[in-house]
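**Student:** Below is one structure. I have some questions about it.
No lab work stands behind these numbers, since they all come straight from the coordinates. This structure is a prediction, so every number in the text was calculated from the model and none was measured. Cβ placement follows ideal geometry from the backbone for every residue including glycine, while neighbour counts extend to all protein chains displayed.
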Amino acid sequence: MTGAYLDYNATCIPRPAAAKAAAEVLAEGGNPSSIHASGRKARGRLESARAEIARLANARAEDVVLTSGATEANTQALSQPGVTRVLLSDIEHPSVLEAAPMAQRVPVTPAGVVDLNALRALLTGQDNSGTLVAIMAVNNETGVIQPLVEVAGIVAEAGARLHVDAVQAAGRIDLDIASLGTATLSLSGHKIGGPTGVGALVLAKGTTVSAMILGGGQERRRRGGTENLVGAVGFAAAASEVLASRDDEQSRIAALRDRLETNLATEAPNAMILGQQAPRVANTSCIALPGISAERQVIAMDLGGVQVSAGSACSSGKVAASHVLTAMGHPPEIAGTAIRVSLGWASGEADVDAFLEAYGRLAAKA
Ligand code: PLP
């Protein structure tokens, strides 16, 4: 990547170890379902990768269903037979929101944290045996960490089932599927430095899921189709690196993000940092600059050699006011003028300096 890349929440710069591992297995080939020697070798590689990916959530290897990404994992979790009612927080990723368009919404507080009283009220006084609640671990736009222990307690007490989109939490905070009390959890390879197009639906011990993609008995009949061996191996290599270096990496990144936010007050006194009142992961800063649309900011920053994204980046490339910031109660003048700055393993001081310089120029025009 050229210039300052500060869009890790969209996709992480691939970790060299992941690229190397994926390239090796691509060159080798093999179908894990074949019973001959190359098939057995591929199967061995796939199962080792699965075990490594499982470690991201302290889960068992046999409870990891490899998917094409977190979008598929979220869709599968939300489309289970027997689910008669779905509750989703207002700040979920579109892959969750659009998987259950008729779902009831759980609001968030102005700090961007799921409103636990509202969740409790929505679950009170009814049979919740068919109810599924989906609350993300970390919001992708603000970096705000959600109170999952409390959420899981409320959901369990009500007799409902929980799904956690843990895409932006993996490798940044502790994830232990058993102590989180969630039935299912989704992960994505490219958010931690692995390849795009691979992810996982992780199941708590004893959770069963029905396949969405049929044909072939792969993934213990939970997802048909020849496995993405190259993707899984790359994902696993990224997972190993993340797990080994997490604490050091996150404290280094936190220092960079803190410097960025502290200096922002001088470079751009009119900018506002959103979600700062709540606990956040170390790498994300959501910054509004009233007066300049998020889209214009992203373009201006890109021209200045700094890659960031709008608070709400749509896949079509069109940017609308962020639904997350709107849910936090921000008016369109703020929800439509926020960019997301997200750092990662390859970020350094020079990236922060480049950001501050380009942003300072932009803010002077607001
Ligand atoms: N969930 C969250 C919170 C995300 O940030 C993303 C990606 O932006 C996804 C799900 C979708 O992941 P994938 O790209 O693997 O489908």
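**Student:** Taking the dipole about the Cα centre of the chain, with the C-beta of Lys and Arg at +1 and of Asp and Glu at -1, give me whichever of GLY44, THR67, LEU260 is farthest to the positive side.
**Tutor:** Going by the Cα projections, it comes out as GLY44.
**Student:** May I pose another question? What ranking, highest mean first, results for peptides 251-257, 57-63, 348-354 when packing means the other Cβ atoms within 10 Å averaged over each residue? Walk me through the numbers before you get to the answer.
**Tutor:** Values: 251-257: 16.9, 57-63: 18.9, 348-354: 14.9.
My ranking of the peptides, most packed first, is 57-63, 251-257, 348-354.
**Student:** Here's a follow-up. Can you sort LEU289, LEU97 from fewest to most other Cβ atoms within 10 Å of each residue's own Cβ?
**Tutor:** Working: LEU289 22, LEU97 19.
The most exposed by this proxy come first: LEU97, LEU289.
**Student:** Counting only other residues whose beta carbon sits under 15 Å from that of GLN276, what net charge do I get with K and R as +1, D and E as -1? Please list the in-between numbers first.
**Tutor:** Values: positive: ARG257, ARG259, ARG280, ARG340; negative: GLU141, ASP258, GLU261.
Result for the local shell: +1.
**Student:** About its Cα centre, how strong a charge dipole does segment 16-241 have in debye, to the nearest 20, once Lys and Arg get +1 and Asp and Glu get -1 at the Cβ? Let's see the in-between values first.
**Tutor:** Numbers: 19 positive and 21 negative charges, 136 e Å.
My answer is approximately 660 debye.
**Student:** Kindly put ILE145, ILE35, ILE287, ILE292 in sequence by how many other C-beta atoms sit within 10 Å of each C-beta, fewest to most.
**Tutor:** Working: ILE145 21, ILE35 8, ILE287 25, ILE292 18.
The fewest-first ordering by Cβ neighbours comes to ILE35, ILE292, ILE145, ILE287.
**Student:** Which one, ASN128, GLY305, VAL341, projects farthest toward the positive side of the charge dipole computed for the chain from Cβ point charges (K/R +1, D/E -1)?
**Tutor:** Checking the options against the dipole of the chain, the answer is ASN128.
**Student:** Order the peptides 275-283, 37-45 from the highest to the lowest mean number of other Cβ atoms within 10 Å of their residues.
**Tutor:** Numbers: 275-283: 19.6, 37-45: 15.3.
So the order, starting with the most tightly packed, is 275-283, 37-45.
**Student:** Relative contact order of the chain: what whole-number percent is it, with Cα pairs under 8 angstrom and at least 6 residues apart?
**Tutor:** Numbers: 791 pairs, mean separation 85.6, N = 366.
So the answer I get is 23 percent.
**Student:** Distance from the Cα centre of segment 27-91 to that of segment 334-366, in angstrom?
**Tutor:** That distance is 35 Å.
**Student:** Using a 10 Å cut-off on Cβ atoms, rank the peptides 184-190, 358-364 from the highest mean neighbour count down.
**Tutor:** On the way: 184-190: 30.3, 358-364: 18.3.
Packing order, densest peptide first, comes out as 184-190, 358-364.
**Student:** May I pose another question? So how do PHE235, PHE355 line up by other beta-carbon neighbours within 10 Å, fewest first? Don't jump to the answer; show the numbers that get you there.
**Tutor:** Numbers: PHE235 31, PHE355 28.
Ordered from fewest to most neighbouring Cβ atoms within 10 Å, PHE235, PHE355 come out as PHE355, PHE235.
**Student:** In nm, to one decimal, how far is the ALA244 label point from the GLN276 one, both placed 7 Å along Cα→Cβ?
**Tutor:** 3.7 nm
**Student:** Could you derive backbone 3J(HN,Hα) for segment 345-355 from the dihedral phi with the Karplus parameters 6.51, -1.76 and 1.60 (θ = phi - 60°), listing whole Hz in sequence and x where the residue is Gly or Pro?
**Tutor:** After applying 6.51 cos²θ - 1.76 cosθ + 1.60, I find 4, 9, 6, x, 4, 4, 5, 5, 4, 4, 4 Hz.
**Student:** Right, something else. Quick check on the chain: helices-only [θ] at 222 nm, where DSSP H runs of length 4 and up contribute -39,500 (n - 2.57) each and the sum goes over total residues. Nearest 500, please.
**Tutor:** Value at 222 nm, helices only: -12000 deg cm²/dmol.
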